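See structure below.
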Amino acid sequence: MKGLRKRIIALAAVAALAMTTFVGCGSVDNKEIVATVGDSQITAGMANFYARYQQPSFEEYYVSYQDYYQQQMYGSVVQETVMDWDAEQEDGVTLEDTYKEDVMTSLQNLYIMEDHMKDYDVELTKDELKAIEKAAKAFLKANPADAKEKISAEKETVVEFLKLMTISVKVEDAIRAGVDTNVADEDAAQKRIRYVSFATTKTDENSQTVEMTKKEIKAVKKDAKAFLADAKANGSLEAYATEKEATSNTATYGKDYADDQTATLPKEVFDAAEKLEENGFAKLIETDSAFYVVQLESKFDEEATTAEKESIVEERKSETVTETIEKWRKDAKIKVNDKVWDKISMHDIQVTEKK
């Protein structure tokens, strides 16, 4: 759930909602109050509807993540991932517990942003209100009565949901608009390297990645050294790699490369590049899984620096939104009725999207 971007505003609501079908059993008392946020009351119907709305995205995310984990661990998906809401995430906390906690927090945040919409002169226009009514009618018409009952899709709930989502987008945009977008070159400057890697691992008969023998690694190192010497003589790693039909790649990095958790290259590569003048070659770099031939192509890559500035600004905006909402949460009086919330279970209804 965390990290999933809200995917709807009122004008696009039909596309996201009308394709949803629901299978299962069970219902809740929609009028019960599951939580209060200041003077706002969150009904069980709204909580159930919101949880079901997010469910397909969460399940897709969960399955994809589990498959990715298996790929990283075993080299392939060895067992098809099946949704298991009882899967333990940590001591006594299940996947359902985690999901519902995130759902409740996100839902509370919608009401909190509604409470603060006047801070930014946010309001819903007549056109937006008409679009919300149209989207709600289209959704209600597109789904059968039994499905709407199971997911608490009463018109009043759907309309309120669309209003809250539209308001939240507009409030977030207003918060983001107030963020400083100036970024100094020295804070975003990116260097560009080109590299050719010589792997010291291989794939065995079970499709598992294993390290080469010492003899094999010695042979790879000899080839890498020869390649480096000839590339230096050529003066251009890109040109020499092309001539030899070898694959060369580029990477950019900034001053904070040592703390970059998203880097796809070992830190040793960037450490070596830092010592180079433009167009200079590093000594052969040895890591646990490969040898690297590296050339520093640019000390200031304009395109990458511009992209980094945009990334820094986007991060600032996201952090400001998060910090602002967290401050509002601390000041808000929030109370959850766990007895009502516990009645809503993710086990009893399966939600899928028609493509």
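The values are calculated or read from the model by the stated rules, or taken from the named source; none is laboratory data. Since the structure is predicted, the reported quantities are computational estimates derived from the model, not experimental observations. Cβ atoms come from the backbone with ideal geometry, glycine included; neighbour counts cover every protein chain shown. Just so you know, the surface numbers come from the protein's heavy atoms only, side chains and all, with ligands and any DNA or RNA stripped out. Shrake-Rupley method; radii C 1.70, N 1.55, O 1.52, S 1.80 Å.
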| remark: Helix 126-142: inclination vs the chain longest Cα principal axis, degrees, rounded to 10, gives 90
| remark: Checked segment 85-216 against the a/c 1.5 cut and the a/b vs b/c comparison, axes a ≥ b ≥ c from its Cα gyration tensor; verdict oblate
| note | Quick calc, residue 142 & residue 86: beta-carbon distance into FRET formula, R0 35 Å, rounding 0.05, result 0.65
| field | Residue-by-residue Karplus 3J(HN,Hα) for segment 66-83, coefficients 6.51, -1.76, 1.60, Hz, glycine and proline x | value | 5, 5, 4, 4, 5, 4, 5, 7, 10, x, 6, 7, 8, 8, 4, 6, 10, 4
| note | Rounded to 0.05, the calculated FRET efficiency for the beta carbons of residue 39 and residue 320 at R₀ = 35 Å is 0.85
| request: Apply the Karplus parameterisation 6.51 cos²θ - 1.76 cosθ + 1.60, with θ equal to phi minus 60°, to every residue of segment 47-64 and state each ³J(HN,Hα) to the nearest whole Hz, in sequence, with x for glycine and proline. | output: 4, 5, 4, 5, 4, 6, 4, 7, 4, x, 5, 5, 5, 5, 4, 4, 5, 4
| query | With the other protein chains left in place, how much accessible area per residue, in square angstrom, belongs to segment 224-320 at a 1.4 angstrom probe? | reply | 59
| request: For each pair in 170/333; 215/275; 141/339; 100/126; 100/130; 150/339, compute the distance between the two Cα atoms and list the pairs where it is over 27 Å. | output: 215/275; 141/339; 100/126; 100/130
| Accessible surface of the chain, 1.4 Å probe, proportion on carbon and sulfur as whole % | 46
| task | Please work out how much length the chain gains when fully extended from residue 229 to residue 300, using 0.36 nm per residue of separation minus the C-alpha to C-alpha distance, in nm with one decimal. | result | 23.0 nm
| note | So, for the Cα atoms of the chain, Rg and Dmax in Å stand at 26.9, 78
| message | Given points 7 Å out from each Cα along the Cα-Cβ axis, report the residue 247 to residue 350 separation in nanometres with one decimal. | response | 3.9
| query | If amide H atoms are built 1.01 Å from N in the plane of the peptide, which residues on other chains or at least 5 residues away come under 5 Å of the amide H of residue 35? | reply | 42, 337
| task | Pull out the extension gain between residue 179 and residue 105, defined as 0.36 nm times the separation in residues minus the alpha carbon to alpha carbon distance; nm, one decimal. | result | 24.2 nm
